[in-house]
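The values are calculated or read from the model by the stated rules, or taken from the named source; none is laboratory data. Not measured: the values here are computed from a predicted model. Here Cβ is always computed from backbone atoms with ideal geometry, including for glycine, and neighbour counts include all displayed protein chains. Please note that ligands, DNA and RNA were not included when accessible areas were found on the heavy atoms of the full protein model with its side chains. Shrake-Rupley method; radii C 1.70, N 1.55, O 1.52, S 1.80 Å.
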Amino acid sequence: MISAFVTGAGPLHRLPATLKLLAFAAISLGLVLLPAGAWSFAVGLTVAASAIVAAWLPPRILLVDTLRVLPFVLFIAAAVWWFQGIEQGMTTGSRVLAIFVLASVLTRTTRVEDVLQAWPLRLSERLGLAVALTLTMIPVLSDLGRQVWLAQRSRGLRPSLRRWLMPFIVLSLKHADDVDDALRARVRPRG
């Protein structure tokens with residue numbers, strides 16, 4: 001499993017993984033439950049900025065992580081804007097961005113082994129693996145999307161969501177198959 005952990009001495013690095021996971025879940029749920037509005041948009045951006053500051057990581061690392069997911073966030077925000085209006089689109093975009101940033105901060109400040117040993121996940125090895133894989137999947141999918149974009153750009157193709165989407169889906173499914181094979185090899189049914 002690829003770890004995105006970056007060694008550091010910040011306050012988030014010192015917190016136990018259990019506390020970070022529970023805080024991540026509670027903050028994410030709180031963001032999702034906020035009603036749409038300008039203040040909800042501001043809360044989402046404030047949460048993202050606060051997580052970046054609290055991480056005590058080199059700004060470039062989290063900036064790159066944020067820029068990698070920005071196209072996805074903008075796509076989601078635009079789709080919601082189209083169907084439900086600008087206020088809902090901006091609120092949804094800020095929520096999704098904040099949750100992505102929180103996940104990035106969590107994976108950058110917590111070792112995979114610590115996530116697997118966190119209290120709620122110790123109860124089930126499969127649940128622990130699922131959470132750890134989910135948290136590490138965000139940077140992996142971002143890298144796949146960037147690879148497709150760079151490959152198309154190097155061939156002189158103009159940027160197009162339609163042209164980019166199919167190779168990205170194929171690479172994502174191939175990666176999912178590889179992860180599935182690895183999980184099947186690691187987690188054997190007990191009996």
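Structure above, values below:
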quantity: With every protein chain in place, the chain: carbon and sulfur % of accessible area (1.4 Å); calculated: 68
quantity: The stretch 143-176 and the stretch 11-54: distance between their alpha carbon centers, rounded to Å; calculated: 31
quantity: Relative contact order (percent, whole number), the chain, Cα cutoff 8 Å, 6+ residue spacing; calculated: 26
quantity: Sum of -39500 (n - 2.57) over DSSP H runs of 4+, divided by residues of the chain (222 nm, nearest 500); calculated: -27500 deg cm²/dmol
quantity: Accessible surface, the stretch 24-125, averaged per residue in Å² (probe 1.4 Å); calculated: 55
quantity: Glu87/Leu29 FRET efficiency (R0 22 Å; Cβ-Cβ; nearest 0.05); calculated: 0.55
